[in-house]
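The values are calculated or read from the model by the stated rules, or taken from the named source; none is laboratory data. Not measured: the values here are computed from a predicted model. Every residue, glycine as well, gets a Cβ built from its backbone with ideal geometry; the counts of neighbours run over all protein chains shown. Only protein heavy atoms, including side chains, enter the accessible area calculation; ligands, DNA and RNA are left aside. Shrake-Rupley method; radii C 1.70, N 1.55, O 1.52, S 1.80 Å.
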Amino acid sequence: MDKIYELKGNKINVVLEPKLVRVYSNAQLWAYLEGKAAVRSQRFELLVNTIKADYEQHFGKSLAISNASLIVEILVHVYCDYLGLHFNRMVKIKWVQAIVKKLLKRAEVIDCGEKSVDSNRWVWDLLAGSQSLFISILPQKLNANYIKHH
């Protein structure tokens, strides 16, 4: 089920499936996540609480992913997307850019599944305790150089 959550004036694209939510790392999500670490932390909580409440309403049960694990997974994908786009702006070697573009496609779609459908959920669960660290290293102005166009 395709959903668009309007949060703080930004349209966040999410797909809800049984045992899985898919979040899209696009310019709207980046704009939503801009600001100081405390603001980003609150916005992440709002985002995941919104997704999880809608998931529970739609499927009649809770999504079995902790908020911290979900936040860290989204954060790491957004950060990889950010770094890849910056890398391709600086490195002008076509074949290297082509490889990075393939990796960026994977970073742009954030599949967050429960343990039974997501083989690397354990990684995000393990990193969940470092949520505040990940939030603090995310740039305050993700799209300051307009590297994310869509």
- Query: What about LEU63, is it in contact with a Lys or Arg (Cβ under 6 Å, 6 or more places away or on another chain), modelled with pLDDT of 95 or more, surrounded by 14 or more Cβ atoms within 10 Å (Cβ to Cβ) and not acidic (Asp, Glu)?
  - Reply: yes
- Quick one: in the stretch 116-141, which of the residues that are surrounded by fewer than 16 Cβ atoms within 10 Å (Cβ to Cβ) and among the β-branched types (Val, Ile, Thr) is nearest to ILE12 (Cα to Cα)? ILE137
- Query: Out of curiosity, is LYS11 of a type in the set (Lys, Arg) and under 18 Å from GLU114 (Cβ atoms)?
  - Reply: no
- Of all residues in the stretch 66-94 being part of a loop (DSSP other than H, G, I, E, B) and at pLDDT below 95, the one that is nearest to the chain's Cα centre (by Cα): VAL91
- Query: Regarding LYS8, is this residue out of contact with any His (no Cβ under 9 Å at 6 or more places or on another chain) and at negative phi?
  - Reply: no
- Note on the structure: Note on the stretch 99-150: residues part of a loop (DSSP other than H, G, I, E, B), at pLDDT below 85, more than 15 Å from the chain's Cα centre (by Cα) and of a type in the set (A, V, I, L, M, F, W, C) are ALA144, ILE147
- Counting just the residues of the stretch 19-47 that are in contact (Cβ under 8 Å) with a residue 12 or more places away in the chain and more than 14 Å from the chain's Cα centre (by Cα), which one comes out nearest to ASN143 (Cα to Cα)? GLY35
- Task: Check GLY84, GLY113 and return the single one that is touching a residue at least 24 places away in the same chain (Cβ under 8 Å), surrounded by 15 or more Cβ atoms within 10 Å (Cβ to Cβ), in contact with a helix residue (DSSP H, G or I) (Cβ under 8 Å, 6 or more places away or on another chain) and among the small types (Gly, Ala, Ser).
- Result: GLY113
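Residue-by-condition table, conditions (1) touching a Lys or Arg at 6+ places or on another chain (Cβ under 7 Å); (2) at pLDDT below 95; (3) of a type in the set (Lys, Arg):
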| position | (1), (2), (3) |
| --- | --- |
| LYS11 | no, no, yes |
| LEU16 | yes, no, no |
| LYS19 | no, no, yes |
| ARG22 | no, no, yes |
| ALA31 | no, yes, no |
| GLU34 | yes, yes, no |
| VAL39 | no, yes, no |
| GLN42 | no, no, no |
- Query: With ARG22, ARG43 as the choices, which residue is open to solvent by 10 Å² or more (accessible area, probe 1.4 Å), in a helix (DSSP H, G or I) and among the charged types (D, E, K, R)?
  - Reply: ARG43
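Would you confirm whether any residue within the stretch 48-63 is assigned to a helix (DSSP H, G or I), touching a residue at least 12 places away in the same chain (Cβ under 8 Å), under 15 Å from LEU142 (Cβ atoms) and not small (Gly, Ala, Ser)?
no
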